[in-house]
Amino acid sequence: MTAKTMSELFKQLGLPYDQTSIDLFISQHDGVCRDCGLVQAPIWSDSQRSFLQEAVAQDSEWSMTAEMLMAALSRPA
């Protein structure tokens, strides 16, 4: 199983997936996962949340990248 890239994850979530857009998204939502998991963060639509929940629960090819995104959104201020 090959892990997906952050760009592929953003594309799958229906978000802009160029590096500048990814950096901006992380910057705008910095700290959103400090007190909750990635799936519980209030920034996702229902379909995005469902996809992320499956990705993490099933330890799929997306799970490592989802964990990296959670780490990026959990950084202290």
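Brief remarks follow.
- Within the chain, trypsin sites (Lys or Arg not before Pro) in DSSP loop having at most 15 other beta-carbon neighbours inside 10 Å: Arg34
- Max-minus-min Cα coordinates of the chain on each principal axis give 34, 26, 21 Å, with the largest extent listed first.
Bear in mind these aren't lab numbers, they're just calculated from the coordinates by the rules spelled out. Keep in mind it's a predicted model, so treat the numbers as computed, not measured. Neighbour counts run over all protein chains shown; Cβ positions are idealised from the backbone, glycine included.
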